[in-house]
Amino acid sequence: MWQPEPGWQRLPGAGPSTFGVWSAVEDGREVVVKRLAAPEPPDPPGLSDPRDANYWRRAADVALAGVVRRTPGLREAVVVRIEEDDDGVTVVHERVVGEAPTGLFIAHSLGRFAGADLGGEPWLASGQLRTRLALVERRGGWRTLARTPTADIAEHLWSRRESWLGRCDELPRVAQHGDPVAANVPVRAGDDAVAIDWSHLGTGPVGADLGYLSLSSREGFEPLLDAYVEGLPAGLATREQAALGAQVTAVYTALTRVDWALSRVADGEGALAGKFRHPAVAPYIVAMQRQVTQIEALLG
């Protein structure tokens, strides 16, 4: 069975197929080692579907194909090696160090990246938000939010999810990192940004990446949108189209995360309202509160 080498330092890293992430030094070079575990029963079937948002080995396939090695705006760290065995895949990148980009720079980079040609690789993700909401639906929807003061808002938005997803399906489809939180875009490299964790790379509605970014960025939605649109290639999409894709993605993702966080503590001692400040819940509520204007736009 595969095991990390002695002396490797564990790093944060999550995902349905991520066995672990470590920093190491190899031949005098700092690297990051990511181990992806092959799915086994009773793992969800989506892990084995190359088009599913959670396909287990997409990060390895991205590194092997080199599709984001020189893409505009956003690119992958240098790949050192990729090793496969019966139990999974080990992906090793150079550790990226340097100036951390601002949220506005990341937004602009994502706009430029939206115009990238990723080719027709069979493992590119698609329908990411739809897939994630389908998982929520199988769990019964936003059941914990139904017990909070936001119940009416949550019920209204949940009942209209197919309508908003359909609106997004009509938007221009663009290259999408899939999880561009600030921690996954750690370094600025000249006019571009270097991104890590390409396990959700694919295509999606214009603005979707911006919606994900807005949930973790300190900058407000409108300045981020301005920077994103400025980075879009001419003629790819309008500001209104980018705003819609970002709003739908941000709102439905934020509410899903709050519901998930609350569900983890809901059965503990005490009233649910008393757990809104729980350290495992509060950051998600804050992120949702920052999307009030976007929520109102979808309610209207």
Completion exercise
Among 111, 140, 119, the single one that is of a type outside the set (Asp, Glu), in the same structural domain as residue 275 (by TED's automatic domain parsing) and within 11 Å of residue 203 (Cα to Cα) is 119
Exercise for the section: Specify the residue that is farthest from residue 74 (Cα to Cα); the eligible residues are those in the stretch 85-119 that are without any contact (Cβ under 8 Å) to a residue 60 or more places away in the chain and in a loop (DSSP other than H, G, I, E, B). Expected result: 86
Exercise for the section: Say whether the condition of being out of contact with any strand residue (DSSP E or B) (no Cβ under 7 Å at 6 or more places or on another chain) and either more than 30 Å from residue 259 (Cβ to Cβ) or crowded, with 20+ Cβ neighbours inside 10 Å (or both) is met by at least one residue in the stretch 85-97. Expected result: yes
Practice task
Find the residue count for the stretch 257-300, including only residues that are within 20 Å of the chain's Cα centre (by Cα) and farther than 30 Å from residue 244 by Cβ.
Solution key: 1
Practice task
Please find, within the stretch 233-264, the residue that is modelled with the lowest pLDDT out of those that are under 26 Å from residue 282 (Cα atoms) and among the polar types (S, T, N, Q).
Solution key: 263
Handout entry: 1 or more residues out of contact with any helix residue (DSSP H, G or I) (no Cβ under 9 Å at 6 or more places or on another chain): qualifying helices (runs of 4 or more DSSP H) within the stretch 167-276
Key = 239-265
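A quick yes/no check of all residues on (1) in the same structural domain as residue 88 (by TED's automatic domain parsing); (2) surrounded by fewer than 17 Cβ atoms within 10 Å (Cβ to Cβ); (3) not in a strand (DSSP E or B):
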{"position": "14", "(1), (2), (3)": "yes, yes, yes"}
{"position": "19", "(1), (2), (3)": "yes, no, no"}
{"position": "22", "(1), (2), (3)": "yes, no, no"}
{"position": "30", "(1), (2), (3)": "yes, yes, no"}
{"position": "33", "(1), (2), (3)": "yes, no, no"}
{"position": "36", "(1), (2), (3)": "yes, no, no"}
{"position": "39", "(1), (2), (3)": "yes, no, yes"}
{"position": "46", "(1), (2), (3)": "yes, no, yes"}
{"position": "51", "(1), (2), (3)": "yes, yes, yes"}
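The values are calculated or read from the model by the stated rules, or taken from the named source; none is laboratory data. Please read these numbers as outputs of a predicted model, since none were measured by experiment. In this analysis, Cβ positions are derived from the backbone assuming ideal geometry, glycine residues included, and neighbour counts consider all displayed protein chains.
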